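Each remark here refers to the structure printed beneath this line.
The values are calculated or read from the model by the stated rules, or taken from the named source; none is laboratory data. Predicted model, so just to flag it, every value in this text is computed and none were measured. Heads up, the Cβs are rebuilt from the backbone with ideal geometry, glycines too, and the neighbour counts pull from every protein chain shown.
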Amino acid sequence: MYLQKKIRLPGCVKRRPLAFICLAAALCLFLAGQIRPQADAGQRKQDIYGQWDGRQITLTGRVYKKETAGRTNEPVSVIYLKLSGKAEAGDADTERERETGPPGERVVCYLAAGQEEPELGSTVKLSGKVRAFERATNPGQFDAFSYYQISGISYRLSQAEISAKTVKYNRFMEALHTFRGFLSAELSKALPQTEASVMQTMLLGEKRGMEKELKALYQRNGIAHVLAISGLHISLLGMGIYRLFRRGKIPMKAAAGLSFVLMFLYGAMTGFSVSAVRAVFMFSIQMLGIILERTYDMVTAAALAAAVILIKQPLYLRHSGFWFSFGCVLGIGLLLPALTERGRGKSIPALVKGFLGGVGMAAVTFPLYLKFYYQFPVYSVFLNFLVIPLMSLLMAAGLFLLVCQILFPPAAAPFSCFIKGVLLVYEKACGVSESLPGHLFTPGEPEDWQLAVYFLVLVFVIIARKNTKLAARWGMILAGAVILIIRPPGGLLLTFLDVGQGACIYIENEDKSRYLVDGGSSSVSGVGEYRILPFLKSQGASLLDAVFVTHPDEDHCNGIRELLAEGEKQGIRIDTLILPDIAVSARGESYLALVDAAGESGIPVAYISRGQRIERGELSLICLHPGEGEASGEPNEYSIVLRLVYKGFSALLTGDVEGAGELQLTRLLQENDKFQEVTVLKAAHHGSRNSTGADFLGAARPGLAVISAGKNNKYGHPHAEMIERLKGAGCVIYETSKDGAVMVRADKSKVRVKGFTN
């Protein structure tokens, strides 16, 4: 006789079977590894596009989207094409057969100045230069290719010129686009430029003209969601329209139908971002529920929306907007009750519940911030407690301002004043937040297992909320957060970043002391903002104990100047800037500019010369060059050379030393046996022909060499003769231009080396 026990499902599962079927399907899709094959295929395509980079091609396609990019005074028309024929490449003046261009489904085209913008839905023929999207070559770096791959966009075309277009086009979509432009212009008339750009972004999804500094301010403080056409916007606007119709005595079902139509048109007009698609889909289900007289369930609607989006494009599982949008909804629908329910007969005051709701939302978004941005704005909970209630008033004021501006402009003045006041409150609140200690918490990117553990904790809290006390549920969330930010010691990490034609070396000791040696590039603009800072955030490097500038050439220090100016705002603080201790007469303009920049940021400057050292635990950084008071006016000759020693591991970081400086260094190595047998050598001067000579290599005897140089740089670095010298010395060679960031980890007797792109 067998006894069978009935399986009891959690209440949340029984109430929402469809929702959990959809969520389970999404989980299975993720676990089945559906993304990897597509990612691998994408890599092959990217390699092909890279081969075509810079070549002129001609293609034909249908315009499905268009926008304006660039600054307000320098607008650039951008069109998105769905290709309808093969791209062609070749010289138009020759009679030979043209070769087939790169494969692709969709292409984004930046039109040349003076080109007339084609209508949406029209088919155009145009020519331009292929520009392949960049792959991330460093930890933390934005991967443009993967981002555009999600939308099916293969590559971009620059300086595109239209040679032909069809007369037929989509009049409806073109009318929506024109109407959007009209509304944007009316906002510009009614508001000052800064406020107009914010409202254009908030109401119309028009990103052009938004001040970079203001956008960064919102992002750093966790309120950037007010700028995107998100679920919050759709729900506020949609429900506002529905209630307005109902107050106008329009029947309930008719009001629901009209509201859905208007919100669908609004989503189409503003571009249907992933969050907007989710919100419009959920709103349509809500309105359908009213029409069919059925109960609306937010969690089920969100799960259905997620399933529809993922069926169409599984790669959205890699999109930050997807995770934030659906994570917030599921957090409100599932986690919030679990963090506020106290049991039968016990209730929480509405104000307290509202605040706890914000904390609950933070519990969901916390791991997402760490995964995608590597840091968390600590005071964002309090800011959003202020910002979100004002959001509905701000959007309403924007809509009334538009109506008044169109019909009777003088009546728009009160709404203009209100909008300026609310946006000023937003800006001042962000300023107060940034003035508080620890406004940005930067633990770095968590491992996948840490994310899995955290989300399993959330699931358990949701399922077991009826059987656990409220305090225990909050305790489990806090325990999960601690697991999420733990960074166990991993020995020494030495990373040679790919900064193009330049150099940047990151050193992390087992005690979490951190150092940076150089940081600059002559080929990558904004190298500090787009490569060095994201990397530091991903490593959780909120404090750099010291930053060395080997010499003040731009390809070694322009990114450091960015860090000095903006690092603390971004949650990265520099304790000390260290420069070569050379004669005052040899300190040129660039050298003194670094000193001034450090002084303006309140960062002390120290000077280092031969024999001086920094010691932290098992780590030693010993200066081998230059000598104190070096008088050479040639920066490369007085470049700082550091010998790094960690247990049995050693590295020689040579900057750009060459000429007389390399001769001095060679003699020093020859005279000191303990300086020989270098584990890792940073090849001097990006692998130039005249650096890293045979005598120097004979003295250093390195086992591995890393060359930091830009791909296809104009200097021909690394030079073939220097490569042959390294091979002749028995070196294993890594190049940042080929391998991406080169990461060397030394722990006990092991040394592991890996290129980021390998």
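For the stretch 131-145, state whether one or more residues are hydrophobic (A, V, I, L, M, F, W, C), within 26 Å of Leu315 (Cβ to Cβ) and in contact with a strand residue (DSSP E or B) (Cβ under 7 Å, 6 or more places away or on another chain).
yes
Pick from Glu88, Glu74, Glu99, Glu116: which is among the charged types (D, E, K, R) and either in contact with a helix residue (DSSP H, G or I) (Cβ under 9 Å, 6 or more places away or on another chain) or at pLDDT below 70 (or both)?
Residue meeting the stated conditions: Glu99.
Condition check: among the aliphatic types (A, V, I, L, M), modelled with pLDDT under 95 and not assigned by TED's automatic domain parsing to the domain that holds Gly140. Does Ala586 satisfy that?
Yes.
Under the condition of being within 22 Å of Phe460 (Cα to Cα) and modelled with pLDDT of 90 or more, which residue from the stretch 339-385 is surrounded by the most Cβ atoms within 10 Å (Cβ to Cβ)?
Of everything passing the filter in the stretch 339-385, Leu370 is surrounded by the most Cβ atoms within 10 Å (Cβ to Cβ).
I'd like the residue in the stretch 433-447 that is touching a residue at least 12 places away in the same chain (Cβ under 8 Å) and in a helix (DSSP H, G or I) and, out of all such residues, is farthest from Pro139 (Cα to Cα).
Ser433
Taking Lys207 as the residue in question, decide whether it is part of a loop (DSSP other than H, G, I, E, B), touching a residue at least 40 places away in the same chain (Cβ under 8 Å) and surrounded by fewer than 16 Cβ atoms within 10 Å (Cβ to Cβ).
no
Going by what's in this entry, would Ala472 be described as of a type in the set (Gly, Ala, Ser) and either in the same structural domain as His225 (by TED's automatic domain parsing) or within 19 Å of Gly358 (Cβ to Cβ) (or both)?
No.
Is one or more of the residues making up the stretch 657-673 assigned to a loop (DSSP other than H, G, I, E, B) and either among the small types (Gly, Ala, Ser) or closer than 23 Å to Thr495 by Cβ (or both)?
yes
Restricting the stretch 737-753 to residues that are outside any loop (DSSP other than H, G, I, E, B) and exposed (fewer than 14 other Cβ atoms within 10 Å of the Cβ), which is modelled with the lowest pLDDT?
Across the stretch 737-753, the extreme among qualifying residues is Lys750.
When the residues of the stretch 659-674 are narrowed to those that are of a type in the set (D, E, K, R) and at pLDDT 90 or above, which ends up surrounded by the most Cβ atoms within 10 Å (Cβ to Cβ)?
Among those that are of a type in the set (D, E, K, R) and at pLDDT 90 or above, it is Glu662.
When Phe649 is evaluated against the numbered criteria (1) buried (at least 19 other Cβ atoms within 10 Å of the Cβ); (2) under 16 Å from Val549 (Cα atoms); (3) not β-branched (Val, Ile, Thr), which criterion, by number, is the only one it fails?
Phe649 satisfies all of (1) buried (at least 19 other Cβ atoms within 10 Å of the Cβ); (2) under 16 Å from Val549 (Cα atoms); (3) not β-branched (Val, Ile, Thr) except (2).
Sort out which residues of the stretch 710-736 are closer than 30 Å to Lys512 by Cβ and under 24 Å from the mean Cα position of the chain (by Cα), and write them in order of number.
Thr736
Considering only strands (runs of 3 or more DSSP E) fully contained in the stretch 579-634, which possess at least 3 residues that are farther than 26 Å from Glu562 by Cα?
Those strands (runs of 3 or more DSSP E) span 613-616, 619-625.
Can you spot a residue in the stretch 512-528 that is surrounded by 18 or more Cβ atoms within 10 Å (Cβ to Cβ), in contact with a Ser or Thr (Cβ under 8 Å, 6 or more places away or on another chain) and part of a helix (DSSP H, G or I)?
yes
Suppose the filter is under 28 Å from Lys748 (Cβ atoms), aromatic (Phe, Trp, Tyr) and under 17 Å from the mean Cα position of the chain (by Cα); does Phe535 pass it?
Against the criterion (under 28 Å from Lys748 (Cβ atoms), aromatic (Phe, Trp, Tyr) and under 17 Å from the mean Cα position of the chain (by Cα)), Phe535 qualifies.
Could you look through the stretch 675-690, keep only residues that are assigned to a helix (DSSP H, G or I) and hydrophobic (A, V, I, L, M, F, W, C), and pick out the one that is modelled with the highest pLDDT?
Across the stretch 675-690, the extreme among qualifying residues is Ala684.
So for the stretch 462-469 (the condition being in contact (Cβ under 8 Å) with a residue 40 or more places away in the chain and in the same structural domain as Ala196 (by TED's automatic domain parsing)), does at least one residue qualify?
No; the residues of the stretch 462-469 include none that is in contact (Cβ under 8 Å) with a residue 40 or more places away in the chain and in the same structural domain as Ala196 (by TED's automatic domain parsing).
Listed here are the residues, each with its yes/no results for (1) out of contact with any strand residue (DSSP E or B) (no Cβ under 6 Å at 6 or more places or on another chain); (2) surrounded by 15 or more Cβ atoms within 10 Å (Cβ to Cβ); (3) small (Gly, Ala, Ser).
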| residue | (1), (2), (3) |
| --- | --- |
| Gly421 | yes, no, yes |
| Val432 | yes, no, no |
| Pro437 | yes, no, no |
| Val461 | yes, yes, no |
| Arg465 | yes, yes, no |
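When you scan the stretch 727-736, do you find a residue that is in the same structural domain as Gly519 (by TED's automatic domain parsing), among the polar types (S, T, N, Q), on the phi < 0 side of the Ramachandran plot and not in a helix (DSSP H, G or I), even just one?
no
Please return the ranges of strands (runs of 3 or more DSSP E) entirely within the stretch 103-201 where 1 or more residues are within 16 Å of Thr68 (Cα to Cα).
By residue number, 106-111, 153-165.
Tell me which residues, restricted to the stretch 439-452, are buried (at least 16 other Cβ atoms within 10 Å of the Cβ) and within 30 Å of Thr340 (Cβ to Cβ).
His439, Leu440, Phe441, Thr442, Pro443, Pro446, Gln450, Leu451, listed by residue number.
Let me confirm something: among Thr123, Thr137, Thr201, Thr178, which residue is closer than 20 Å to Ile57 by Cβ and of a type outside the set (A, V, I, L, M)?
That would be Thr123, the only listed residue that is closer than 20 Å to Ile57 by Cβ and of a type outside the set (A, V, I, L, M).
Give, as residue ranges, the helices (runs of 4 or more DSSP H) completely inside the stretch 279-341 that count at least 1 residues that are over 31 Å from the mean Cα position of the chain (by Cα) and over 24 Å from Leu265 (Cβ atoms).
Result: 336-340.
Among Ala651, Ala694, Ala699, which is in the same structural domain as Val547 (by TED's automatic domain parsing) and modelled with pLDDT of 95 or more?
Ala651
If you check Arg247, Arg180, which single one turns out to be buried (at least 18 other Cβ atoms within 10 Å of the Cβ) and either modelled with pLDDT of 90 or more or closer than 26 Å to Val78 by Cα (or both)?
Within the list Arg247, Arg180, the selection yields Arg180.
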